[in-house]
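Only one structure is covered here, and it is reproduced in the block below.
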Amino acid sequence: MSQVFGRVLVALLLGSWTALAAAAVAVPAPGTSPRVDAIKKAGALRVGVLANAPWLVENTSGQGEAWSGPAWMLANEYAKRLGVKLQAVPVSHETKVPVLASNQVDISVTPLAETPERLKVVDFIIYSSTSVCMYGLASNPKFAKAKSVDDLNRPDVTIAYYTGGGEEGWVKERFPKAQLRGVAGSGVSPVEEVMAKRADAVPINRVPWVAMGRKLKQLAVLPKANNCQDSKEKAAPVGMAIDKNQDAFLQWARAVEKEIEPRLKKDEARVVDTMK
């Protein structure tokens with residue numbers, strides 16, 4: 001009986017392994033994607049890198065892996081499936097998109113927001129998003145009674161923002177009924193306006209909110225679910241880019257991303273939780 005059981009167990013394990021292998025996204029066959037053929041011939045996947053946490057984090061300590069984060073995890077997955085090494089190519093804010101058209105890299109993995117302007121020249125593999133949270137003092141009755149971001153759009157609520165900042169236009173459109181308070185300055189968010197009770201609410205990107213909320217326990221956030229990490233306010237897709245007119249390569253890259261998406265989201269949450 002034990003031998004029969006052993007054979008059955010082995011057969012089940014082999015069947016499971018075969019099913020998993022079959023489920024994996026197939027690499028484009030030779031001649032299907034000129035880009036894949038070129039990468040395999042060179043033996044390296046060239047990726048443009050420029051740090052932008054939590055998606056791509058640079059380790060400057062000189063010890064351990066030089067890069068980490070979900071963008072690097074996805075790039076590693078591509079290289080592994082292609083059977084080549086991963087080659088990091090430093091880029092700047094000015095060159096992170098042009099390097100694709102000039103064939104200096106195969107993928108620009110530095111995190112990029114998908115915009116109509118960029119979509120004219122590159123295609124995106126989306127794996128995350130950026131969005132905005134609204135925070136205020138938990139002890140402030142005006143903020144405390146708000147159940148959603150919509151509830152802040154009232155004449156008795158004052159919302160502060162940095163003039164010239166990325167959220168200014170959005171705040172004016174999102175809260176037409178509220179009292180708006182533009183303040184000079186720069187940084188993550190004008191938290192002093194809330195702390196001094198000059199404002200009832202202030203916008204902040206969802207990523208730095210986690211560290212701020214951890215440090216300043218007297219603050220509360222909207223949307224409340226998942227500590228605002230699933231916010232759809234001022235949401236914009238984030239991903240990596242490849243040059244246009246590479247359909248086979250693009251479809252394969254997108255399919256691989258979908259296959260390992262849970263791992264990417266888990267790694268992003270890990271990085272966000274460690275940010276200060």
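Could you list, in their original order, any pairs among K224/K265; K80/K276; K85/K258; K120/K265; K232/K266 whose Cα atoms are separated by more than 25 Å?
Pairs exceeding the cut-off: K80/K276; K120/K265.
Using only the alpha carbons, work out the radius of gyration and Dmax of region 118-208 in angstrom.
Cα only, region 118-208: 14.7, 48 Å (Rg, Dmax).
For the peptides 65-74, 31-40, what is the packing order when you average, over each peptide's residues, the other Cβ atoms within 10 Å and list the highest mean first?
Order by mean packing, descending: 65-74, 31-40.
With a 1.4 Å probe and all protein chains left in place, how much of the accessible area of the chain comes from carbon and sulfur atoms, in whole percent?
Looking at the chain in its full context, I get 57 percent from C and S.
Which three extents, in whole angstrom, do the alpha-carbon atoms of the chain cover along their principal axes, largest first?
Principal extents (largest minus smallest coordinate, Cα): 71, 60, 37 Å.
Over the chain, with the other protein chains present, what is the accessible area per residue in square angstrom, probe 1.4 angstrom?
Counting only protein heavy atoms, the per-residue value for the chain is 52 Å².
Which distance in Å, rounded to a whole number, links the C-alpha centroids of region 234-276 and region 162-215?
When both Cα centres are located, 28 Å separates them.
In angstroms, what radius of gyration and Dmax does region 207-276 have, counting Cα atoms only?
16.1, 51
Enumerate the lysines that K177 could reach by cross-link, defined here as Cα to Cα under 19 Å, with residues fewer than 8 away along the same chain left out.
K142, K145, K147, K234
At 30 angstrom or more along the helix axis (alpha-carbon based) and mean Kyte-Doolittle of 0.0 or higher, what helices does the chain contain? Whole DSSP H runs only.
Passing helices, by number: 2-23.
Under 10 Å, Cα contacts only: if you run a Gaussian network model on the chain, which one of P54, P190, P203 comes out with the highest mean-square fluctuation?
Greatest mean-square fluctuation among the candidates belongs to P190.
The values are calculated or read from the model by the stated rules, or taken from the named source; none is laboratory data. Remember, it's a predicted structure, so these values are computed and weren't measured experimentally. Neighbour counts run over all protein chains shown; Cβ positions are idealised from the backbone, glycine included. Each accessible area value is taken on the protein alone, full model and side chains, heavy atoms only, with ligands, DNA and RNA left out. Shrake-Rupley method; radii C 1.70, N 1.55, O 1.52, S 1.80 Å.
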